Structure formats: structure tokens, C-alpha cells
Amino acid sequence: MGITKEGALVVGDRVKAGKSQIRFHVRDGVAAKGDLTDQLGRYLIERKFSGRYSKPPLCAILFSCQGRGTNLYGPDDPCTDSTTFASAVPVPTAGWFGNGEIGPLGAVLPGGGRDKVKTHMHGFTSVFAMIYDTSGDAEEAEAKGG
């Protein structure tokens, strides 16, 4: 997608009236940090009230777009995504920058309707994968009569 010198929008695919969707995004570090903070807050609330996973994740993996870091937040704040995550979910975290991230839209908890989750190819995003120890979950559920 691009814009011509005359200001026309150019799309590199067929656009069908009533069928195609186009989203416009503004890359803004303040908005990106606010969105990340909101998503992490939602994740923490869902985890707390889901009835599962009372223990925190063992660790996390961060997949972040190369367009983030200093390119989005500036040279004074290169680790915004990882430090924002660490303040909400203080677990060991490893990760890397890439060109596109695959993940769901929003926070998704394990066992929380995974069959309804659609994954998407994202750009200019950070995707966090939380790793949980679920080895005792079956025994705990059975002991509770579930």
C-alpha cells in the first residue's frame, strides 16, 4: 500500500466493494506503550479471574518487530516493551527482533477458548508468549471433582 505524488491511495491487491477491509495505523510511541500497558492489564485481570493458572508463568518469550525499540520509542527508551512487560509480569524473558509477528489479537489465556482464537500476521507489534507449567493441572482438577 502506498500513496502517489497526487495523493491517491495505491493498494497492491484487488479491492472488492463491501468485502475488503483497510486499516490505517499511526506509529506513535506514546500510544504503543499505552496499548501495551492496557493489554498487559487485561491479561493480568483475565488470569486472576479465569480460575486457572494461579501461578505466574515460568518465563516469557518476546517477539518484537524491528520497527519498535529505538525506531518507535527513540534512542532514550530502547527497551520500552521489555521493561513495560517486566513491570507487569516479572518473569525471566528472552526474545528478539524480527520482521512480522504471528499471534492472536489481544490477550489469550491458556484453556480460555483456544478453539475460537484466530492468529494473524502482525507488523510493528510485540508478541509475548508466556510459558506455564501445567503438569499439575489435571491432578488438581480431579481432586476438586472436575
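The values are calculated or read from the model by the stated rules, or taken from the named source; none is laboratory data. Everything numeric in this text was worked out from a predicted model, so none of it was measured. Here the Cβ positions follow ideal geometry from the backbone for every residue, glycine too, while neighbour counts run over all protein chains shown. Each accessible area value is taken on the protein alone, full model and side chains, heavy atoms only, with ligands, DNA and RNA left out. Shrake-Rupley method; radii C 1.70, N 1.55, O 1.52, S 1.80 Å.
Which one is least open to solvent (accessible area, probe 1.4 Å) among residues in region 1-28 that are under 29 Å from the mean Cα position of the chain (by Cα) and of a type in the set (Gly, Ala, Ser)?
2
Pull up region 85-100, narrow it to residues that are of a type in the set (S, T, N, Q) and not in a strand (DSSP E or B), then point me to the one that is surrounded by the most Cβ atoms within 10 Å (Cβ to Cβ).
Taking region 85-100 and keeping what is of a type in the set (S, T, N, Q), we get 87, 93, 99.
When the remaining residues are screened for being not in a strand (DSSP E or B), the result is 87, 99.
Working: 87: 10, 99: 8.
Among them, the one singled out is 87.
Run down 14, 23 and say which single residue is at pLDDT below 80, outside any helix (DSSP H, G or I) and not polar (S, T, N, Q). Walk me through it before giving the result.
Details: 14 fails: at pLDDT below 80.
None of the others qualify; the one that does is 23.
Among the candidates 58, 36, single out the residue that is among the aliphatic types (A, V, I, L, M), surrounded by fewer than 12 Cβ atoms within 10 Å (Cβ to Cβ) and under 22 Å from residue 102 (Cα atoms). Break it down stepwise before answering.
Values: 36 fails: surrounded by fewer than 12 Cβ atoms within 10 Å (Cβ to Cβ).
Only one candidate qualifies: 58.
Tell me whether region 65-84 contains one or more residues that are touching a Gly at 6+ places or on another chain (Cβ under 9 Å), open to solvent by 80 Å² or more (accessible area, probe 1.4 Å) and part of a loop (DSSP other than H, G, I, E, B).
yes
Need the failing condition index for residue 43 against (1) hydroxyl-bearing (Ser, Thr, Tyr); (2) open to solvent by less than 90 Å² (accessible area, probe 1.4 Å); (3) more than 15 Å from the chain's Cα centre (by Cα); (4) more than 14 Å from residue 124 (Cβ to Cβ), just the number.
Status for residue 43: all satisfied but (3).
I'd like the full set of residues that are outside any strand (DSSP E or B), open to solvent by 50 Å² or more (accessible area, probe 1.4 Å) and either closer than 19 Å to residue 72 by Cβ or at pLDDT 70 or above (or both), limited to region 101-146. I'd like the intermediate steps shown before the answer.
Step one: filter region 101-146 for residues outside any strand (DSSP E or B), giving 105-118, 123-125, 132-146.
So of that shortlist, the ones also open to solvent by 50 Å² or more (accessible area, probe 1.4 Å) come out as 105, 108, 112, 114-118, 124, 133-135, 138-140, 142-146.
Residues satisfying the conditions are 105, 117, 118, 124, 133, 134, 135.
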